[in-house]
């Protein structure tokens, strides 16, 4: 069994997923739009992202636009990104926080060499952590 984050966006999914593909060590970005499924779709419907996929390390990140449905900002959860080094945590945190809102600055904690929380410019809440060894 696997748990995969599936993000919803207010009509800017493609922009966000392309940014994530450049920022994370991601591969295999796929973006499927409404216009590919429904050849009669017109703007803006034809550009809506019905499904996007990005492989990041051993995990997957999937997403879509709200596609005309009411958009609800994420609440009560974060996407947690665990990285291998404090330098990688700092790099990714800086990239994600550009245009977003830092909710907990990046710093050392009792459990992490570096840990920080933010909401990126697309409204996705993130936790970025370079964890200390457990035990």
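Restricting to Cα pairs below 8 Å that are 6+ residues apart, what does the relative contact order work out to for the range 79-131? Please round to a whole percent.
44 percent
Report the antiparallel proportion of the DSSP beta bridges in the range 5-65 as a percent, rounded to a multiple of 5.
Roughly 70 percent of the DSSP beta bridges within the range 5-65 come out antiparallel.
Quick one: compute a quarter of the convex hull surface over the Cα atoms of the range 5-65 and quote it in nm².
Projected over every direction and averaged, the Cα hull of the range 5-65 covers 3.9 nm².
Relative to the compact globular guide of 2.2 N^0.38 Å, what is the alpha carbon radius of gyration of the range 79-131, as a ratio?
For the range 79-131, the normalised Cα radius of gyration is 0.99.
Would you mind calculating the relative contact order of the range 5-65 from Cα pairs under 8 angstrom and at least 6 residues apart, reporting the percent as a whole number?
43 percent
Among 7, 96, rank each residue by its count of other Cβ atoms within 10 Å, from fewest to most, as a rough exposure measure.
7, 96
Can you grab the distance from the C-alpha centre of the range 9-45 to the C-alpha centre of the range 60-78, Å, no decimals?
13 Å
FRET efficiency for residue 110 and residue 88, Cβ-Cβ distance as r, R0 = 25 Å, nearest 0.05?
0.80
Run the numbers on the range 21-135 and let me know its relative contact order in percent, using alpha-carbon pairs under 8 Å that are six or more apart.
Normalised by residue count, the contact order of the range 21-135 is 20 percent.
Determine, for each peptide in 119-130, 52-63, the mean count of other beta carbons within 10 angstrom over its residues, then list the peptides with the highest first.
The densest-packed peptide leads the list: 119-130, 52-63.
Values quoted throughout were computed directly from the atomic coordinates according to the rules given, and no laboratory measurement underlies them. This one's a predicted model, so the numbers in the text were calculated from it and none came from an experiment. Because the Cβ atoms are built from the backbone with ideal geometry, glycine has one as well, and the counts that use them run over all protein chains shown.
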